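Working notes, structure below.
The values are calculated or read from the model by the stated rules, or taken from the named source; none is laboratory data. Bear in mind that the values here come from a model prediction, so they are computed numbers and not experimental data. For neighbour counting, all protein chains shown are included, and Cβ atoms are generated from backbone atoms with ideal geometry for every residue, glycine included. Heavy atoms of the whole protein, side chains included, go into the accessibility calculation; ligands, DNA and RNA do not. Shrake-Rupley method; radii C 1.70, N 1.55, O 1.52, S 1.80 Å.
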Amino acid sequence: MSSFAATVNATEYPPHLKHKVIFETFERLAPEEAMLLINDHDPVPLRYQFEANHAEHFTWDYIEQGPAVFQVRIGKI
C-alpha cells in the first residue's frame, strides 16, 4: 500500500501546467495525507511558492535528490 494519496510526475506535463497540476493535487489532499512529486530537476522554485501560499500548512521531504530524478514527499498539515 502506498504512503501517498497521490503522485504527480511533473515530467509528463508541459511547463505551463506543472505548478497548476501540483497545487490542484495538493488542495485535494486531506489533512495528514501526502503526495509524491517526481521531477527531472530540483523543484526549489515550487517550494518557495508553497512557502508563500501555504506557509505552515505543508511539509517538504526529499526522497531522492538527483541528479536526474528528484522525488519529494509533500504533506498537508
The strands (runs of 3 or more DSSP E) lying entirely within the chain that contain at least 2 residues which are among the aromatic types (Phe, Trp, Tyr) are 58-65
Enumeration of residues in region 62-75 that are touching a strand residue (DSSP E or B) at 6+ places or on another chain (Cβ under 6 Å) and touching a residue at least 24 places away in the same chain (Cβ under 8 Å): ILE63, PHE70, GLN71, VAL72, ARG73, ILE74, GLY75
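One line per residue, one yes/no per condition, for (1) closer than 23 Å to PRO67 by Cα; (2) modelled with pLDDT of 95 or more:
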| site | (1), (2) |
| --- | --- |
| SER3 | no, no |
| ALA6 | no, yes |
| THR11 | yes, yes |
| ILE22 | yes, yes |
| MET35 | yes, yes |
| GLN49 | yes, yes |
Here is a list of conditions, (1) touching a Leu at 6+ places or on another chain (Cβ under 9 Å); (2) surrounded by 12 or more Cβ atoms within 10 Å (Cβ to Cβ), and VAL21 meets all of them except one; can you say which number that is? (1)
Checking the conditions here, which among THR59, THR7 is free of Cβ contacts under 8 Å to residues at least 40 places away in the same chain, at negative phi, under 11 Å from the mean Cα position of the chain (by Cα) and open to solvent by 70 Å² or more (accessible area, probe 1.4 Å)? THR7
All but one of (1) touching a residue at least 60 places away in the same chain (Cβ under 8 Å); (2) open to solvent by 80 Å² or more (accessible area, probe 1.4 Å) hold for PRO45; state the number of the condition that does not hold. (1)
Which of (1) more than 11 Å from the chain's Cα centre (by Cα); (2) touching a residue at least 12 places away in the same chain (Cβ under 8 Å) does ASN39 not meet, given it meets every other one? (1)
